[in-house]
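Read the structure below first, then the notes.
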Amino acid sequence: MINNFILTAAVSNGMGILKPLYLFFGKCMEGLLFVCGNKYFIALTIFTILTRLVLFPFNIRQQKSMAKTTRLQPKIQKIQKKYSNTNDPRDRQKMNEEMQALYAREGHNPMNMGCGTMLFQMIFLMGVIGIIYYPLQYILGIDAIADRANDIVAVLQKSFDIETGSRYYFQLDIIQNFAQYKDILASKFPKIFTAENIAAIESFKSHLTIFGIDMTQTPHWKDGIIVIFPILCLASSMGTSVMSTIIQKKTNPAAAAQTSQMMIMMLMMPFFSFWFSFQVPAAVAFYWIVSSLVAIVQQLVMTKFFPPKKNMAKSMIEGTIERRSREESIKKTK
């Protein structure tokens with residue numbers, strides 16, 4: 001089962017800080033579904049591409065930051081070598097102070113590399129989980145269903161003697177079994193399940209498949225062809241990791257000496273995505289697959305138009321200009 005924190009973030013009423021994101025993503029999906037003739041997988045594909053485009057400037061910034069780190073490597077290694085033969089805590093502190101002074105002088109913060117991109121990726125993923133788990137509320141706009149969630153769950157459990165209907169999954173369960181549930185829901189909650197909303201849910205449900213696979217179902221090895229989603233998720237995520245590693249080695253040759261660490265990092269995310277795909281509806285895995293494929297294309301574009309050597313040269317020029325500007329500012333203040 002998906003991590004409890006992410007599930008809690010995706011409940012119908014949402015985490016206060018993230019609910020506006022769910023509402024915004026839901027409206028975006030609603031608009032895309034209208035444009036795409038209610039084809040869910042097409043709308044989700046376009047939505048994913050748009051989220052990757054939002055992240056693109058952060059990717060460019062990350063690559064430039066890596067180039068600056070590469071440019072500073074000789075100076076960093078010189079400081080490290082200076083204190084390499086001592087274990088004295090005071091010397092280690094001096095080394096850290098010299099490193100921080102170097103970063104300050106060069107206007108570089110190594111902690112910024114990739115942090116913005118990863119943060120936004122996580123936020124976007126949680127937003128996608130919210131609208132996938134709760135499409136009735138966030139995409140179809142049936143807001144009242146959130147307020148009566150516990151009552152709806154209780155009615156379904158009592159009427160059909162089932163163990164489903166956790167607050168986390170009940171909207172997906174309603175969609176998957178709507179033909180069975182709709183009469184009892186319409187009779188017990190007529191203000192929520194109106195004729196108009198019932199028609200909207202039935203239309204929405206009819207477009208939730210891709211090649212005959214229900215994208216609201218969670219993949220399982222025993223469920224046949226649906227396991228293609230975790231497999232493709234693993235392959236696409238691995239492709240992204242390999243591409244990132246190749247670019248990093250070109251941008252920062254010193255990274256070649258850290259092959260074992262890089263391999264661990266390269267394998268960790270793909271296998272996490274593979275495991276994760278068995279915990280969530282196939283639509284989440286589909287988002288991850290498309291996101292990884294678009295990320296590969298973006299990396300190829302960055303390599304073409306922002307090559308490592310060009311970034312290195314530009315970083316050296318910008319670094320010299322920034323350093324001289326700071327030196328001039330310091331002189332004027334004295």
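Summary table
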{"quantity": "Of the chymotrypsin sites (Phe, Trp or Tyr not before Pro) in the stretch 181-223, those whose Cβ has at most 12 other Cβ within 10 Å and which sit in DSSP loop", "calculated": "211"}
{"quantity": "Estimated FRET transfer efficiency when R0 is 45 angstrom, pair residue 304-residue 93 (beta carbons, to 0.05)", "calculated": "0.55"}
{"quantity": "Global form of the stretch 130-209, assessed from the alpha-carbon gyration tensor, a/c cut-off 1.5", "calculated": "rounded"}
{"quantity": "When each of 19/182; 27/304; 78/304; 68/94; 39/222; 39/191 is checked by Cα-Cα distance, pairs over 30 Å", "calculated": "27/304; 78/304"}
{"quantity": "Spin-label pair residue 221/residue 177, simplified geometry with 7 Å Cα→Cβ offset, distance in nm", "calculated": "2.7 nm"}
{"quantity": "Residue 151-residue 242 FRET efficiency (beta carbon distance; Förster radius 35 Å; 0.05 resolution)", "calculated": "0.10"}
{"quantity": "Distance (nanometres) between label positions extended 7 Å along Cα→Cβ at residue 100 and residue 228", "calculated": "5.5 nm"}
{"quantity": "FRET efficiency, 1/(1 + (r/R0)^6) with R0 30 Å, evaluated for residue 269 and residue 60 via beta carbons", "calculated": "0.90"}
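Readers should treat all values here as calculations from the given coordinates under stated rules, not as data from a laboratory. Small disclaimer: the values here were computed from a predicted structure and weren't measured. Reconstructed Cβ throughout: ideal geometry from the backbone, glycine too, with neighbour counts over all protein chains shown.
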